[in-house]
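All of the numbers you see were taken from the coordinates with simple rules; none came from a lab. Keep in mind that this is a model prediction, so the values were computed, not measured. Here the Cβ positions follow ideal geometry from the backbone for every residue, glycine too, while neighbour counts run over all protein chains shown.
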Amino acid sequence: MGCLAMRILLVEDEPDLGAALERSLKREKYVVDWLKDGTEAWQFLEHDPHQYTVAILDWLLPGLSGIELCQRLRAQQNPLPVLMLTARDRMEDRVMGLDAGADDYLIKPFGMAELLARLRALQRRSLQIQPSQLQVGHLLLDYGTSTVSIASPVNYQTGNRQNIPLTAKEFQLLEYFMQYPNQILSRDQIIDRIWQAEADFNSNVVAAQIRLLRRKLAEYGYDHLIETVYGMGYKLTTQ
């Protein structure tokens, strides 16, 4: 299985700069959520704090500023790496940004090559702080090898596990369910998390992908691990 796409939260209210950054980042195969308002950005982060690899925040934003977003992240012990963009180049401003929790600081105007280099450095840091494994019930997700293993429902106490052969999309989908066990995830939430950046997205793909994932889980004795909650979405049950 190849590497999963890195997801970036870009919060920039200047339309031309934001559009240019989004184009360049997508050209580098990043998945990008571009927002223009700090309050809306916080709603994204508060709803799903683990979905991003790196955040790129403008200092001055409508609603919450980049500084306030950083402060809220760190107050919640969220280690998401943050690159701050600003026209402020005074030493006092840089100190204020770093004290608020920013990991790096880029003065406008800047070259795209420099931004990408700083982003790669923050990306490496993000991978270092990511937990190496995620376990829910009998499922064990290993970030280091991008694999999911499962214990036998009959002899799970023996410690014998089998790797489930998953595609990249199946891995992402199961990871999302494992991050929110016993919680209902709507179709729109799943689309936004897994397929938002794909122009050729088909509206039936969510149900089809979940059907395929269920079929693979059933091969290991877990026929009803992912439930359909009619009219609301799907959930991973751990009982």
| Which residue, ASP104, ASP223, ASP142, has the most motion in a Gaussian network model of the chain that connects Cα atoms within less than 10 Å? | ASP223
| request: Answer with one residue from GLN43, ALA75, ALA207: the one whose Cα lies farthest towards the positive end of the charge dipole of the chain, charges on Cβ with Lys, Arg +1 and Asp, Glu -1. | output: ALA207
| query | Considering the chain as a Gaussian network with a 10 Å cut-off on Cα pairs, which listed residue, GLU68, GLU227, GLU175, attains the greatest mean-square fluctuation? | reply | GLU227
| request: Tell me the label-point distance for the pair LEU116, MET232, using the 7 Å Cα-to-Cβ offset, in nm and rounded to one decimal. | output: 4.5 nm
| query | In straight Cα distance, which lysines are under 28 Å from LYS29, not counting same-chain residues fewer than 8 positions off? | reply | LYS108, LYS169
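Find me the longest stretch of the chain that has none of the exposed trypsin sites (Lys or Arg not before Pro), where exposed means in a DSSP loop (not H, G, I, E or B) with at most 14 other Cβ atoms within 10 Å. Intermediate values should be presented prior to the final figure.
Working: sites that count: LYS29, ARG90.
Here the longest segment lacking exposed loop sites spans 91-239.
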| remark: For volume of the Cα convex hull per residue in Å³ the list reads [x] 137; [y] 116; [z] 126; the calculated value is entry [x]
| Within a Gaussian network of the chain (alpha carbon springs, distance under 10 Å), most fluctuating of ALA41, ALA113, ALA151 | ALA113
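Below 10 angstrom from the Cβ of LEU212, what's the summed charge of the other residues (Lys, Arg +1; Asp, Glu -1)?
+4
Efficiency by 1/(1 + (r/R0)^6): what FRET value for ALA168 and ARG94, r their Cβ-Cβ distance, R0 = 45 Å, to the nearest 0.05? Before the final figure, lay out the partial values.
Working: r = 39 Å, r/R0 = 0.86.
According to the calculation, E is roughly 0.70.
Report the net charge of residues surrounding LEU174, where surrounding means a beta-carbon distance below 11 angstrom and charges are Lys +1, Arg +1, Asp -1, Glu -1. Please report the intermediate quantities before stating the final value.
Values: positive: LYS169, ARG214, LYS216; negative: GLU170, GLU175.
Residues near LEU174 contribute +1 overall.
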